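The values are calculated or read from the model by the stated rules, or taken from the named source; none is laboratory data. These numbers were taken from a predicted model, which means no experiment stands behind them. Because the Cβ atoms are built from the backbone with ideal geometry, glycine has one as well, and the counts that use them run over all protein chains shown.
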Amino acid sequence: MSAVSDAPKSSRTFHFISGLPRSGSTLLAAILKQNPRFHAGMTSPVADIMGVVVAEMSSKNDFSFAISDTARVSVLRGLVENFYAAASDAEVVFDTSRLWCSRMQMLDALFPQAKVIACVRQLPWVLDSMERLVRKQPVNVSKVFRFDTNTTIYSRVQALTDPRGMVGFSFQAIKDAFYGQYAAGRLLLLTYESLARDPAAALRAVYNFIGEPWFEHDFDNVEYGAGEFDARVGIPGLHTVRSKVEAPERKPILPLEIFSRFASESFWLDPKNNISGVPVV
């Protein structure tokens, strides 16, 4: 019997935003939060806290034998619900974390009706965007690179794309979700290119996916910032959203050999890969 079969339903609707860094997740949240029924924001600590709780309820704890799967589900679902109980009275809550794509099975157990929106972007442009932020801070060093002051663009790309790096982990997590058994009906891939070039069409696809009535958004006045957090990780501007949604044309600053190496990694663009019929917007 499923651990959630007798679980009480929350009066709120929860959905989850995940995906690659520099791919529009903060922009998406900034747009969604214009809807007074919605609560959305940048990456929250919920998924990280949940990971700690899962570990403490595992055999790591000598008393784990006294914790049933039903209790685990109740504790973890309650963690999400209670985190937002005092933060917002919104009817629909979107929690953001790059971890969610790696936890599709868990989300299926905790919130069976929840949807996951994964923001994606062609990898060379993700890396290019990160490098631009780094170069804006020539006399600072970032936590993302473990405060290493002796780096080059090559070592920074290697660190980012490592399986445990900021880009590498999230890329593999998206593939895990995309090819996994919980993708059908639960996962939507939202491309940065679509969101930036035609935000109205992209948001309508999101609304259709989550089954919510349309809200008229103002795509010329979208603002969001997380200056304190960005400063703490040593990358100011990491979560800054410009007022007008647009797709500026620019040339890459990555060396051609790096740009070319990752140019063919956009697996979501090939329909043959989409065995679960995941909507790609």
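Among the numbered criteria (1) under 23 Å from PHE259 (Cα atoms); (2) crowded, with 17+ Cβ neighbours inside 10 Å; (3) over 14 Å from the mean Cα position of the chain (by Cα), which one does LEU110 miss?
Exception for LEU110: condition (1).
So is VAL73 out of contact with any Cys (no Cβ under 6 Å at 6 or more places or on another chain), closer than 29 Å to PHE215 by Cα and not in a strand (DSSP E or B) or not?
no
Kindly indicate whether any position in the range 261-277 is more than 19 Å from ARG22 (Cβ to Cβ) and surrounded by 16 or more Cβ atoms within 10 Å (Cβ to Cβ).
yes
From the list VAL93, VAL52, VAL73, VAL80, exactly one residue is farther than 19 Å from PRO21 by Cα, surrounded by 15 or more Cβ atoms within 10 Å (Cβ to Cβ) and out of contact with any strand residue (DSSP E or B) (no Cβ under 7 Å at 6 or more places or on another chain). Which is it?
Step by step, each of VAL93, VAL52, VAL73, VAL80 is checked, and only VAL73 is farther than 19 Å from PRO21 by Cα, surrounded by 15 or more Cβ atoms within 10 Å (Cβ to Cβ) and out of contact with any strand residue (DSSP E or B) (no Cβ under 7 Å at 6 or more places or on another chain).
Please name all residue pairs, on different chains or six or more residues apart, with Cβ atoms under 9 Å, provided the first residue is in the range 212-233 and is crowded, with 16+ Cβ neighbours inside 10 Å and the second residue is modelled with pLDDT of 90 or more and part of a loop (DSSP other than H, G, I, E, B).
Pairs found: GLU212/ASN35; GLU212/ARG37; HIS217/GLN34; HIS217/ASN35; VAL222/GLN34; TYR224/LYS33.
Looking only at the range 76-98, how many residues end up being of a type outside the set (Asp, Glu), without any contact (Cβ under 8 Å) to a residue 24 or more places away in the chain and either assigned to a loop (DSSP other than H, G, I, E, B) or in contact with a Lys or Arg (Cβ under 7 Å, 6 or more places away or on another chain) (or both)?
1
With the requirement that a residue be hydrophobic (A, V, I, L, M, F, W, C) and modelled with pLDDT of 90 or more, what does the range 204-256 give you?
ALA205, VAL206, PHE209, ILE210, TRP214, PHE215, PHE219, ILE253, LEU254, LEU256
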